[in-house]
Ligand code: OSB
Ligand code: MG
């Protein structure tokens, strides 16, 4: 369903941007690299009545996608912020249209849209969940587990998350760390809800290895091939019984439509940052729901800002699989919001306050800031 009731426009006076370096509780390793500190951009929309917060979920290096923090910083300050400020009065639903002439840079666009959306909803006293069409007040919480030193360490790690109550485990895989790691987790924990994420580390030449994963009865395999390999994903899907889920490839509602038409995916991971914002994410949710395709909410190691918005998104009716909407302490010892998300009975609560429904901890924000800039009308 499209937005039942659009938000009122806000009068934009400026944007404040910060690059944060937030330490992770432990290094996070994927097929594309290891991170020990989350470098991320937070955006504050400065408005006449209180303002709002957004998060640009780029990573320091362009390894997950072509976007990266310094590139997002440049395009947001040089082009996107000024284009929105030129309009003065902007409704959240207009942000994507105003930024449409600029190609790509969807994470940067998403961060600005979220800041405007939060400002508009806070001004009206409306929670983001209610605005998007949430039908749940809490969402089941899955956890994404990075590649560990060896399969034994992975089993120990996964066991810890299961003890905490996470209802679904996702393990990262890469060539050489796939079948053995998955077998170790299955052997140790039996029929837990389990899925794997390759972050595009394979090619069609690896089909025999990927087919070996079929015997583990996984919920899905996420993004085995490259971002632009839609046709190869469709071919691979005919060779596997494990459902193929796309993450990196789904950069827009159009890309989702194309992927479904080609048979390249039978499940979709929706990340608002990757697709250019929560409204584009909603459009993908709607089209997948119409097509009978299950979706789940992905994550980008968001701080409490993006995590709050993800919980609201994951509460929509088409999100029928547990998402990577884990508690704040999965990644952070200290978050930048005053009430970081916690795990309760394997679930995370959908915030109910106006806008994102979370408040920024100004001391933490300041402590993690490594760069700051403000642009004004
Ligand atoms: O592929 O889902 C991914 C983190 C950074 C970049 C890409 C991915 C991930 C994760 C973490 O798997 C998910 C989370 O934020 O909990
Ligand atoms: Mg992924």
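Here are the numbers for this structure:
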item	result
From the options 7, 60, 76, residue that is touching a helix residue (DSSP H, G or I) at 6+ places or on another chain (Cβ under 6 Å), buried (at least 17 other Cβ atoms within 10 Å of the Cβ) and assigned to a loop (DSSP other than H, G, I, E, B)	7
Top-ranked residue of segment 279-298 - restricted to ones that are within 15 Å of the chain's Cα centre (by Cα) and crowded, with 24+ Cβ neighbours inside 10 Å, ranked as farthest from ligand 1 (Cβ to nearest atom)	285
Tally of residues being outside any loop (DSSP other than H, G, I, E, B), surrounded by 23 or more Cβ atoms within 10 Å (Cβ to Cβ) and more than 16 Å from ligand 2 (Cβ to nearest atom) across segment 260-278	1
Residue in segment 167-181 that is without any contact (Cβ under 8 Å) to a residue 60 or more places away in the chain, in a helix (DSSP H, G or I) and in contact with a strand residue (DSSP E or B) (Cβ under 9 Å, 6 or more places away or on another chain) present	yes
Filtered residues of segment 283-298 (kept if touching a strand residue (DSSP E or B) at 6+ places or on another chain (Cβ under 9 Å) and not in a loop (DSSP other than H, G, I, E, B))	284, 285, 288, 289, 295, 296, 297
The listed residue being more than 27 Å from residue 219 (Cβ to Cβ), in contact with a helix residue (DSSP H, G or I) (Cβ under 8 Å, 6 or more places away or on another chain) and buried (at least 23 other Cβ atoms within 10 Å of the Cβ), out of 306, 323, 355	355
Filter result (more than 16 Å from ligand 2 (Cβ to nearest atom), touching a residue at least 60 places away in the same chain (Cβ under 8 Å) and under 22 Å from residue 294 (Cβ atoms)) within segment 320-370	346, 347, 348, 350
Residue that is surrounded by the most Cβ atoms within 10 Å (Cβ to Cβ), among those in segment 170-208 that are at positive phi and away from ligand 2 (no atom under 15 Å from the Cβ)	176
When residues of segment 224-250 are limited to those that are touching a residue at least 40 places away in the same chain (Cβ under 8 Å) and within 16 Å of residue 323 (Cα to Cα), the one nearest to ligand 2 (Cβ to nearest atom)	247
Unmet requirement for residue 315, which otherwise passes all of (1) under 20 Å from residue 108 (Cα atoms); (2) in contact with a helix residue (DSSP H, G or I) (Cβ under 6 Å, 6 or more places away or on another chain)	(1)
Output for segment 157-182, where each listed residue is out of contact with any helix residue (DSSP H, G or I) (no Cβ under 9 Å at 6 or more places or on another chain) and farther than 17 Å from residue 213 by Cβ	157, 160, 163, 165, 167
Selection within segment 336-349 - buried (at least 24 other Cβ atoms within 10 Å of the Cβ) and either part of a loop (DSSP other than H, G, I, E, B) or at positive phi (or both)	336, 341
Residue within segment 162-169 that is under 26 Å from the mean Cα position of the chain (by Cα), within 16 Å of ligand 2 (Cβ to nearest atom) and under 28 Å from residue 348 (Cα atoms) present	yes
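Matching residues to (1) in contact with a strand residue (DSSP E or B) (Cβ under 6 Å, 6 or more places away or on another chain); (2) within 16 Å of ligand 1 (Cβ to nearest atom); (3) assigned by TED's automatic domain parsing to the domain that holds residue 223:
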position	(1), (2), (3)
64	no, yes, no
82	no, no, no
85	yes, no, no
93	no, no, no
107	yes, yes, no
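Conditions (1) out of contact with any helix residue (DSSP H, G or I) (no Cβ under 6 Å at 6 or more places or on another chain); (2) modelled with pLDDT of 95 or more; (3) farther than 30 Å from residue 110 by Cα, marked per residue:
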| site | (1), (2), (3) |
| --- | --- |
| 216 | no, yes, yes |
| 223 | yes, yes, no |
| 226 | yes, yes, no |
| 229 | yes, yes, no |
| 244 | no, yes, no |
| 253 | no, yes, no |
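The values are calculated or read from the model by the stated rules, or taken from the named source; none is laboratory data. Computed from a predicted structure; not experimentally measured. So basically every Cβ, Gly included, is an ideal-geometry build from the backbone, and we count neighbours across all protein chains shown.
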